[in-house]
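The values are calculated or read from the model by the stated rules, or taken from the named source; none is laboratory data. The structure presented is a predicted model; accordingly, all values stated were derived computationally and were not measured. Ideal geometry is used to build each Cβ from the backbone, glycine not excepted, and the neighbour counts take in all protein chains shown. These area figures cover heavy atoms from the full protein model, side chains too; ligands, DNA and RNA do not enter into them. Shrake-Rupley method; radii C 1.70, N 1.55, O 1.52, S 1.80 Å.
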Amino acid sequence: FEGDDTCEYLLSSGRFLGDKVWQPHSCMMHKYKNSEAKNCLIDKHIAFIGDSRIRQLFYSFIKLINPQVKEEGNKHGNIPFEDKSASIKVDFLWYPEVNGSMRQRIKSWTEAATAKPHIIVAGAATWSIKIHNGSNEALTQYKINITSIAPLLEKLAKSSDVYWVLQDPVYEDMLSESRKMITNEKIDAYNEAAVRILNSSSRNSKAKVKVFSVSKLIARETIMKSSDGLHLPESSRETNAMILMNVYCNKILKPIDGSCCQPRPPLTLIQKLAFCFFTLSFIGYLIINLIHRNNYRKNKPCTDLENGEEKKPAVSTPAVSTLEMLLHSFCKLGLIMTYFYLCDRANLFMKENKFYTHSSFFIPIIYILVLGVFYTENTKETKVLNREQTDEWKGWMQLVILIYHISGASTFLPVYMHIRVLVAAYLFQTGYGHFSYFWIKGDFGVYRVCQVLFRLNFLVVVLCIVMDRPYQFYYFVPLVTVWFVIIYVTLAIWPQIVQKKANGNCFWHFGLLLKLISLLACIFFLSYSQGAFEKIFSFWPLSKCFELNGNVYEWWFRWKLDRYVVFHGMLFAFIYLALQKRQVLSEGKGDPLFSTRVSNVLLFISVACFLTYSVWASSCKNKTDCNELHPSVSVVQILAFVLIRNIPGYVRSVYSSFFAWFGKISLELFICQYHIWLAADTKGILVLIPGYPMLNVMVSTFIFVCVAHEISQITNDLAQIVVPKDNPTLLKRLLCMAGFFSGLLLFSAIQDQSRH
C-alpha cells in the first residue's frame with residue numbers, strides 16, 4: 001500500500017536476523033563479491049566527503065572492490081583510491097564540518113566542465129558538536145550551512161547519485177572526556193535539521209538527495225560493540241557499504257537475490273503471447289459454458305399444466321467435451337500462472353532473505369515426522385518398494401527438502417550432505433521404477449514415452465514461458481528427463497531384453513548385464529571428460545535447453561553430482577526382480593524378507609552403514625571434497641534405508657498416508673516452491689503477511705500446497721488429451737508439439753536478439 005520503491009525501504013528501514021545479517025524492509029539484499037563490484041563500478045568516480053565516520057564508510061566501500069586495502073594514511077586528510085584494472089576512482093575528502101569549505105568543494109563540482117562524480121556520499125555533524133561544546137548557536141549555524149548546501153546537492157543529484165548520511169547514535173558511557181558533549185539528544189537535533197532542510201525544497205522532488213538513514217538503525221543495535229563509543233564496529237560498517245552497493249548496483253547488474261532497487265522486469269514477447277493465450281482460453285471457456293447453459297435451459301423439463309406431469313426433453317444434456325475440458329484446464333492454469341507472476345516478478349509482495357538457525361530446520365522436521373507416524377495405515381501389498389511405500393518415501397523426502405530450502409540450511413554442511421542423499425534417492429527411484437516397468441511390461445511404445453515426458457516437463461515448460469527462465473533453471477526436471485531417456489534407450493536398443501524373454505534363457509540375463517556395464521562405462525567416460533560432455537550439450541537446439549548463464553557448466557555439475565545413482569537403481573531393480581522370480585524373498589504380510597538369521601545380519605549391517613554414512617557426512621569440512629565422494633558413496637545410505645524399511649515384515653506392511661499424499665505431488669511441490677513459497681527464484685522467502693513470520697509461513701504454505709495439488713490434476717487431465725493412446729492421433733499431436741517448440745525457439749531467438 002505504501003508503493004513499490006524498495007530503494008526507500010533499503011535506505012531507511014530494516015532489522016537484524018541474528019547478529020550480523022541485515023534484512024531491509026520488504027526486499028532482499030545481495031552480497032556483492034569484489035568481481036561484481038568492479039563490474040558494476042567500471043569507469044566510475046565515487047566521492048566520500050565528510051568526517052571520520054564517512055572515512056570509515058569509505059574504507060568499507062573500497063574493500064568491496066579490493067579486500068586487500070589497509071586503513072592507513074592521514075586520518076585528517078584526503079585519501080585517494082584507484083583500481084586501474086576497472087578504471088574505478090574513489091576519493092575520501094576530509095571535511096569534518098558542514099561549513100563554507102564543504103560548500104565550496106560541492107560548488108566546484110556543479111561548476112566544473114569536467115565530469116562530476118557518479119556517486120557522492122556526504123555527511124558530518126559530530127565535529128560541530130564537539131568543537132562548539134554542543135552549543136545551540138552551533139546547531140543554528142549548521143542549519144544555515146546545510147540550507148546553503150542543499151540546492152547544490154540537488155543540482156548534482158540531476159546527473160549523479162547523491163546520498164546524505166545521517167549521524168549514528170553514540171554509546172555515551174564509552175565516550176572519552178573530550179567527546180562527552182556529543183550526546184544522542186544533540187545528534188537527533190542535527191539529524192532532524194538535515195532531514196527537514198534536504199526534503200523541504202520543491203525542486204527536490206525531481207532531483208532527490210537520498211537520505212541514508214538506515215545507518216542509525218544499524219548503529220542502535222551494534223554501537224555497544226564500538227571501541228570508543230563513537231565509531232561503528234567493522235561488521236556494521238560493512239553492512240552500510242553493502243547497502244550503498246545494493247542501492248547503486250542492483251538496477252545495473254540485476255542479481256536474482258537482490259530485489260531491492262530493482263524495477264519490475266518488462267514483459268517479454270513470449271510472456272505477452274502467453275498472456276493472450278490464457279485470455280483467449282478464458283473467453284473460449286466462457287462462451288462454451290454460456291452455450292451449454294442456454295441449451296440446458298431449453299431442454300429443461302417443463303410441467304404439463306393439464307395433468308401436472310413433467311415432460312422430459314427429447315435431447316439429454318451433453319457430456320463435457322474434450323475442448324471444454326481443455327479450455328477449463330487452461331483457465332485454471334492461467335489463474336495459477338498469474339499468481340506465480342505476481343508473487344515473483346511483479347514486485348507486488350515482499351521478499352526477505354533466508355536466515356539459518358538449527359531450530360528453524362530441526363523443529364519443523366520433528367513436527368512433520370510426528371504427523372507422518374500419526375497417519376499410519378496398512379499397505380495394500382507388501383512387496384519391496386511397493387507404490388504406497390515409494391509415494392511415502394518421495395513425500396517425506398520432499399517435505400524435508402522444502403524445510404531445508406526455506407530455512408536456508410544449505411549453509412550447514414552436515415545438513416547439505418544429507419539433503420544431497422535425498423536428491424540422489426529420487427534419482428535412485430527413477431532408475432528403479434522405469435527399469436522395473438520396461439523389464440516387466442516390455443512396453444517400449446511411443447505412448448508410454450510421451451506420457452512420461454509430458455508429465456515430467458509440462459509445468460516446467462509453462463514456467464519457462466511465464467516466468468522467463470531457461471529450462472535448465474529448474475535443474476531437477478532436466479535431470480530426471482535425461483535419465484529417463486537414457487534408461488529407455490539402454491533397454492530399447494537391440495537386442496530388447498525383457499523379463500519374459502530372459503525367463504526362457506539365462507543367457508539373456510548376461511546380455512542385460514552387458515548393456516548395464518556399457519552404460520556404466522559411458523557414464524564413467526563422460527564424468528571424467530568435461531570437454532566431451534559440454535560439446536554434446538552445446539549443440540543447438542540442445543544448448544537452448546541445457547545452457548544457464550551462457551554455458552552448460554551448471555548442467556555438467558548437476559549431472560556429475562549424482563552420476564551413478566540411477567545406474568544403482570537399475571541394478572538394484574534387476575537383482576531384486578531376479579531374486580523375486582526365484583522366490584528367494586518372503587514378501588508375505590508380517591514376514592521378514594529373508595530367514596530370521598539372514599534378516600537380522602542384514603538389518604544390523606544396514607543400520608551400521610546408515611549411521612556410518614551420517615557420521616561421515618556430519619564430519620565433512622569441505623563441500624567440494626565431499627561432493628567429489630558423494631556420487632560413489634550416496635548409494636550406501638540409500639540401500640541401507642531400503643533394507644531397513646523392507647526387511648522387517650511389520651515395517652514393510654505399513655505406510656504413512658500423510659507422507660504418501662505429498663509424495664503423489666512431490667514433483668509439483670519441488671517446482672512450485674521456486675516462485676510461490678520461496679521468492680526470487682528460491683534465493684529468498686515470499687512474504688504475504690509482513691510482521692507475522694509464523695502466520696505468513698502457514699498461509700503461504702497452504703496456498704502453495706493447494707496450487708501444487710491443482711497443477712498435478714491439471715497435468716493429469718491434459719496428459720489424457722494431449723497424449724492419446726491412438727497412434728495416428730498421437731502422431732498428429734507430436735507434429736503439433738514440434739511446431740509449438742519450433743515457434744518457441746524462433747520467438748526466443750527474436751527475444752535474445754532484441755535484448756542484445
| request: Considering only segment 434-449, state which residues are part of a helix (DSSP H, G or I), surrounded by fewer than 19 Cβ atoms within 10 Å (Cβ to Cβ) and in contact with a helix residue (DSSP H, G or I) (Cβ under 7 Å, 6 or more places away or on another chain). | output: I440, V446, Y447, V449
| Does A719 satisfy being open to solvent by less than 20 Å² (accessible area, probe 1.4 Å) and farther than 26 Å from P541 by Cα? | no
| When you go through I144, I120, I149, I129 one by one, which is the residue that is under 19 Å from Y163 (Cα atoms) and part of a helix (DSSP H, G or I)? | I149
| query | Would you pick out the residues in segment 166-201 that are of a type in the set (S, T, Y) and in contact (Cβ under 8 Å) with a residue 60 or more places away in the chain? | reply | Y190
| remark: In segment 108-124, anything more than 17 Å from Y248 (Cβ to Cβ) and surrounded by 16 or more Cβ atoms within 10 Å (Cβ to Cβ) is listed as W109, A124
| said: So, restricting to helices (runs of 4 or more DSSP H) that lie completely within segment 588-675, which ones have at least 2 residues that are under 33 Å from the mean Cα position of the chain (by Cα) and surrounded by fewer than 18 Cβ atoms within 10 Å (Cβ to Cβ)? | reply: 596-618, 623-646, 657-664
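To keep it simple, each residue is scored yes or no on (1) in a helix (DSSP H, G or I); (2) surrounded by 13 or more Cβ atoms within 10 Å (Cβ to Cβ).
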position	(1), (2)
D468	no, yes
I487	yes, yes
L514	yes, no
F533	yes, yes
| remark: Note on segment 676-703: residues open to solvent by 20 Å² or more (accessible area, probe 1.4 Å) and in a helix (DSSP H, G or I) are P693, M694, L695, V697, M698, V699, T701, F702, I703
| Is there a residue being buried (at least 18 other Cβ atoms within 10 Å of the Cβ) and outside the structural domain of R387 (by the TED database) anywhere in segment 733-756? | yes
| message | Looking at G50 and the list (1) touching a Phe, Trp or Tyr at 6+ places or on another chain (Cβ under 7 Å); (2) on the phi < 0 side of the Ramachandran plot; (3) among the small types (G, A, S), which single condition is not satisfied? | response | (2)
| Here are some residues: Q583, Q673. Which one is within 30 Å of A346 (Cβ to Cβ) and in the same structural domain as T715 (by the TED database)? | Q673
| task | Taking only segment 245-294 into account, find how many residues are among the small types (G, A, S), out of contact with any Cys (no Cβ under 7 Å at 6 or more places or on another chain) and farther than 30 Å from I62 by Cα. | result | 2
| task | Please state which one of D681, D625 is among the acidic types (D, E) and either in contact (Cβ under 8 Å) with a residue 12 or more places away in the chain or touching a Phe, Trp or Tyr at 6+ places or on another chain (Cβ under 6 Å) (or both). | result | D681
| request: Give segment 230-285 a look and list any residue that's part of a helix (DSSP H, G or I) and either among the aromatic types (F, W, Y) or free of Cβ contacts under 8 Å to residues at least 40 places away in the same chain (or both), or say none. | output: S236, Y248, K251, K272, F275, C276, F277, F278, L280, F282, I283, Y285
| query | Is it fair to say I54 is without any contact (Cβ under 8 Å) to a residue 40 or more places away in the chain, open to solvent by less than 10 Å² (accessible area, probe 1.4 Å) and out of contact with any Lys or Arg (no Cβ under 9 Å at 6 or more places or on another chain)? | reply | no
| message | Taking the criterion of being crowded, with 21+ Cβ neighbours inside 10 Å, in contact with a Cys (Cβ under 9 Å, 6 or more places away or on another chain) and not basic (K, R), would at least one residue in segment 420-430 satisfy it? | response | no
| Single unsatisfied condition, I689 versus (1) among the hydrophobic types (A, V, I, L, M, F, W, C); (2) modelled with pLDDT under 95; (3) in contact with a strand residue (DSSP E or B) (Cβ under 8 Å, 6 or more places away or on another chain) | (3)
